[in-house]
Amino acid sequence: MPSATKRNRENRGMPPPATFDIDTLPGGSNLTAREAAAIIRRTPGALEQWRRDPNHPLKWRYVDGRPLYRVDAVRDYLAGCDKTTKPS
């Protein structure tokens, strides 16, 4: 019997912090799911779950079958998170 092949699950955890400053990027630039996850400090799997909800505040678009996030959309999402966070 052929042995079962394992699904590739590398890079599914929390990515390291972004090595670039999102504030210096042009608003129309695109980020990959991994880059967006690094900026907002979530796993790529979390972003994958969010893409299943068309009403999620973090917007994306598919280009050549890959999800991309505009820098403006990530900034707007982070600004919305700041407004909903209550200071302690």
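Since every read-out is calculated from the coordinates, none of them should be taken as a lab result. Bear in mind the structure is a predicted one, so any value in this text is a computation, not a measurement. Neighbour counts are summed over all protein chains in view; Cβ atoms, including those assigned to glycine, are modelled from backbone coordinates with ideal geometry.
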Tell me, which helices (runs of 4 or more DSSP H) wholly within the range 30-88 include 3 or more residues that are acidic (D, E) and surrounded by fewer than 16 Cβ atoms within 10 Å (Cβ to Cβ)?
71-84
Qualifying positions in the range 8-29 - among the hydrophobic types (A, V, I, L, M, F, W, C) and not in a loop (DSSP other than H, G, I, E, B):
I22
